[in-house]
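What follows draws every value from the coordinates through simple rules; no lab data is involved. Just so it is clear, the structure is predicted and the values come from calculations on it, not from any experiment. Because the Cβ atoms are built from the backbone with ideal geometry, glycine has one as well, and the counts that use them run over all protein chains shown.
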Amino acid sequence: MIESLQKPATKYQQRKWRKFQKETREATAQRCKQHPEYTLDFKKADLFNFTYHAVHLRNEKLLNELYEEYELLAPGDVWFYNQVKLCRAQLRIHEQKLEEAILMLKDLASEKICPNRCHVLMYLIELYEKEKDYKSAAVYVHAYMDNSDREYNRKKTWVDFAGLPYFLEILGMAGEYENVIAIGKDRLDFLKIEDEVWYMIGLSYLKLGDELRAMHYFTEAMKLNPEMPEVYVHMADFYWNNKNDFRTAIDYSLKAVDMCGDDPDFKHLRVMLFRSLANLYKLAHDLNKAGEYRRKQFEAMDSLSVFDLIVLFGGDKDGMNEYQDWADNHPEAYKDFLGEEGGDEADDLEGMVD
């Protein structure tokens with residue numbers, strides 16, 4: 001939701017919304033002539049809807065004018081006042097004034113009268129996620145679910161609108177693994193085909209150290225969607241670390257690599273898989289394959305940042321030295337990674353293994 005607000009309004013959108021507003025006012029004038037007893041209700045409804053137009057147009061001046069016009073019709077209307085406050089918060093998101101937007105939205109969420117409460121809560125979830133404050137985001141995930149369960153048919157609201165896997169991911173990032181499992185299982189009676197729900201439950205069991213239950217849910221996720229590389233990665237880790245079965249771990253890792261393909265979203269995962277395969281083949285005493293996947297790992301790393309390398313290697317001094325030896329013999333890739341002169345990032349790279 002916040003991504004759409006961060007884009008400026010195009011000239012076409014501006015013309016479209018201004019035309020729509022003009023035509024709506026004309027149509028309302030006609031309805032008022034036909035049904036004068038409903039004139040106030042017609043005008044209030046239009047002004048309420050026009051506040052969304054002000055957001056679409058990224059025009060706070062228009063929003064202020066609408067508020068003043070409404071005040072003349074129905075002064076002190078808390079419902080409309082809070083609607084305007086929501087629109088102001090949306091405009092703050094557009095202006096990248098996120099802290100100000102969060103304060104306004106939190107205040108709205110605490111109000112008894114709150115138009116579009118689910119939107120308010122969803123904005124808070126996304127904003128806190130953007131700031132990587134998952135614990136705060138989780139608070140509003142629970143509030144969103146409670147609000148939807150109270151106001152609507154449970155099976156047709158937040159699950160369809162926002163996506164249960166997204167909410168479970170937020171709760172997982174906040175460390176609420178028990179809640180992920182409980183909520184996920186509770187919804188599986190009507191979400192049996194949702195592979196990501198099975199996956200998130202499995203991941204939560206894994207975080208809690210229950211590998212066997214985790215494998216059950218990963219297996220069910222794979223049945224529903226055989227093309228989830230993350231699931232195969234966890235299966236490979238299980239057979240490597242728990243069963244000491246390198247061959248099965250290799251098979252799962254190779255399947256995960258195939259699923260990643262050339263998708264840029266899987267770049268970091270692909271590097272990690274190549275690294276794991278190099279280590280697995282080494283343990284399986286297949287040094288030719290180990291060398292092949294080590295080279296693939298380094299070739300795939302040519303545009304990763306220093307931070308990515310730190311995450312990847314951590315305190316692995318031998319691995320980092322091996323990468324530097326490879327990069328020294330591949331100057332084009334080294335320049336792509338460090339820039340023409342290397343600079344401060346070259347010093348960072350050297351310092352990683354100190």
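Annotations for the structure displayed:
- Simple point charges give the picture: +1 on the Cβ of Lys and Arg, -1 on the Cβ of Asp and Glu, and for region 1-115 a dipole about the Cα centre of about 580 debye.
- Contour minus Cα-Cα distance for ARG295 and GLU68 (0.36 nm per residue): 75.0 nm
- Sequence of CYS118, CYS260 once ranked by neighbouring C-beta atoms within 10 Å, starting from the fewest: CYS118, CYS260
- Extension gain, ASP133-ASP265: 0.36 nm per intervening residue step, less the Cα-Cα distance, totals 45.3 nm.
- Charge dipole (region 1-115, unit charges on Cβ, about Cα centre) - positive-most of THR51, LEU105, GLN30: GLN30
- ARG18-VAL78 FRET efficiency (beta carbon distance; Förster radius 30 Å; 0.05 resolution): 0.55
- Per-pair calculated FRET efficiency, R0 = 51 Å: THR248 and LYS61 via Cβ, rounded to 0.05: 0.20
- For the pair region 49-63 and region 1-36, the centres of their Cα atoms are 9 angstrom apart.
- Net charge in the neighbourhood of GLU126 (other residues with Cβ under 14 Å of its Cβ; Lys, Arg +1, Asp, Glu -1) is -1.
- Each of SER136, SER4 was scored by other Cβ atoms within 10 Å of its Cβ. Listed from fewest to most, they are SER4, SER136.
- Across region 1-138 the C-alpha pair distances fall into 10 Å bins from zero in the proportions 12, 37, 33, 15, 3, 0 percent.
- Arranged from fewest to most other beta-carbon atoms within 10 Å of their beta carbon, PHE48, PHE238, PHE274 become PHE48, PHE238, PHE274.
- 32 Å Cα-Cα threshold exceeded, pairs from LYS16/LYS43; LYS130/LYS282; LYS106/LYS185; LYS19/LYS132; LYS207/LYS282; LYS7/LYS223: LYS130/LYS282; LYS19/LYS132; LYS7/LYS223
- Modelled spin labels at ARG25 and GLN6, positioned 7 Å past Cα toward Cβ, are 3.4 nm from each other.
- Cα centroid separation, region 173-230 to region 240-254 (Å): 21
- At an R0 of 22 angstrom, the distance between the Cβ atoms of ILE113 and TYR52 translates into a FRET efficiency of 0.75.
- Working from label points 7 Å from Cα in the Cα-to-Cβ sense, the ALA284 to ASP210 distance is 3.2 nm.
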